[in-house]
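The values are calculated or read from the model by the stated rules, or taken from the named source; none is laboratory data. In this text the structure is predicted, and so the values were computed from the model without any measurement. All Cβ positions, glycine included, derive from the backbone under ideal geometry; neighbour counts span all protein chains shown. Accessible surface areas use protein heavy atoms only, side chains included; no ligands, DNA or RNA. Shrake-Rupley method; radii C 1.70, N 1.55, O 1.52, S 1.80 Å.
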Amino acid sequence: MSDTVLKSSAPVSCGRIDGNRIRLAGHLFSGMKALCRLICAVAAFLAMNGRADAAPYDSITSYMVKENGTSNVLMSKDVDQQVSPASLTKVLTCIMAIESGHLDDEVVVTKESTLVEPTKAGLREGDRIQLRDLVKAAMVNSSNDAAFAIAIHLGGSVEGFARSMNSRARSLGMASSHFTNPAGFDFAPWVGNRTTARDLMVLTEHAVRNSEFNAIARLERANFKEIATGRPFSLKTHNKMFELYPYTVGIKTGFTNHAGKCLIARAVRERKDVLLVMLNAKGDRWGMAADMFDQGLGIAPGERVSTPVAAKRYSERGNPVSAREVARNREKALAALRMQVARNGRPEAAGIKAAKGVNRKADRQQRLADERHDQKMQKHAAYDRKLALKASHGRPAQSKAALRSGRRQQEEKRLALKPGKGANARPAAPAKAGRKGRADSRAAVNQKRRGAEVTKLTKQKHRREALSSAAPAAFASARSCVG
């Protein structure tokens, strides 16, 4: 039995040793595997960070950030790659309209202009719109019908204006651009509308030298009226950089399914003017544009001035804060500034004006009251001039007191002659004279005139006789005095 036990115990002891070795090898393998996983994770993390630092805007097909008026390109990517610019094409359309010198023209909207989609100002066939207002609609609201109306008015047709666009682009040095329509369509029948980030930067630098273009490019809303009917238009911009970035001054947004999200923007801070061209952005173009501007303007993270509508709040809620809340925040900031200035011993500087539009209702009521007062004073002045002209008949103008007195006398005379009974009864008007009566009246006037002339001649004759009779006596007296 013991032998059996001994025989059986040997293999058991050997199997236990082999199992421990196997378990130890398994633990070592698991540890090596975990270490490899850790090393791979660290390598992947470092690679991601390195790639983010090297190219943080990989989701943008082409972009260029440049300091305006200089050759200093701050950052760029594939600036010579031809892509569809979408509605950024309207920058060329609008600068050509401004430089035409016909901004005061009345443009008659054609049916062809009203058939475009999707973004429209709501123009109707036959509407009469000033060319300047069409430029505002195309730049601010990116209205395609306004862009087509501009093209047909200036070029005679869309095709003719497209040829002018290509000619103008070549003259500006946009060698890699070709335009087929004024709105930026890139589908049939307008296929082939293409440009580059470099060419759009050249166009933008040329456009911002024009003061009229700058005034329109920085508008957040375009308001105008149809000339014939007075139908109002109020068109809002699609550029969210106005709300998200405090140094933004325009310029244009664009989007089509083929071109993606496009943007031309401008930011100015402390004499530094930065232009941005972004084509086919697949991410958040507003956030990326803000980061690019921060780098271009030299703003460190967290140093940017806060705006009434914070970018974080906008991205979370999806809509901007109301204009009333923005005005309230500005008024609070101005009140705090006034108090700080007053504490510093400069009370004369504490009269900082509140933000425009904070109390819009009171301002509107005061403006209407002032207009009514001005109209009343103008009415009184016109009445006084009328009375002065009636009373003077060529004589020197009377004083205001005399005019008021004359006004009262005329009123009293009118009341006295008002039909009534007794002393206030108006005398009966004489019957209208016929032809014979008028002839008799003229004869009487002529007779009176002749009588006056006779009287005048008689007086002159008597005066001559008196002088002639008095002359000899005066001569004799003079002789006696001399002798």
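What the table below lists for this structure:
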read-out	value
Qualifying positions in segment 73-115 - over 23 Å from the mean Cα position of the chain (by Cα), under 23 Å from HIS206 (Cβ atoms) and either part of a helix (DSSP H, G or I) or among the β-branched types (Val, Ile, Thr) (or both)	VAL73, VAL79, VAL83
Matching entry among GLY101, GLY155 (being in contact with a Ser or Thr (Cβ under 6 Å, 6 or more places away or on another chain), of a type outside the set (D, E, K, R) and over 25 Å from ALA259 (Cα atoms))	GLY155
Residue check, SER176 among the polar types (S, T, N, Q), more than 19 Å from the chain's Cα centre (by Cα) and farther than 25 Å from MET64 by Cα	no
Subset of segment 272-330 that is among the acidic types (Asp, Glu) and under 24 Å from the mean Cα position of the chain (by Cα) - its residue that is modelled with the lowest pLDDT	GLU325
Output for segment 135-178, where each listed residue is under 27 Å from LEU219 (Cβ atoms) and not in a helix (DSSP H, G or I)	ASN141, SER142, SER143, MET174, SER177
Some residue of segment 259-267 being open to solvent by 10 Å² or more (accessible area, probe 1.4 Å), over 20 Å from PHE148 (Cα atoms) and part of a loop (DSSP other than H, G, I, E, B)	no
Whichever residue in segment 158-178 is among the hydrophobic types (A, V, I, L, M, F, W, C) and open to solvent by less than 20 Å² (accessible area, probe 1.4 Å) and, among such residues, is nearest to VAL79 (Cα to Cα)	MET174
Helices (runs of 4 or more DSSP H) wholly inside segment 179-252 containing at least 1 residues that are open to solvent by less than 20 Å² (accessible area, probe 1.4 Å), touching a residue at least 12 places away in the same chain (Cβ under 8 Å) and not hydrophobic (A, V, I, L, M, F, W, C)	197-207
Matching residues, segment 271-285, being farther than 19 Å from ASP199 by Cα and open to solvent by less than 10 Å² (accessible area, probe 1.4 Å)	none
Neighbours by Cβ (under 9 Å, 6+ apart or cross-chain): first from segment 286-310, among the β-branched types (Val, Ile, Thr); second modelled with pLDDT of 90 or more and part of a helix (DSSP H, G or I)	ILE299/PHE293; THR307/GLU243; THR307/LEU244; VAL309/GLU243; VAL309/LEU244
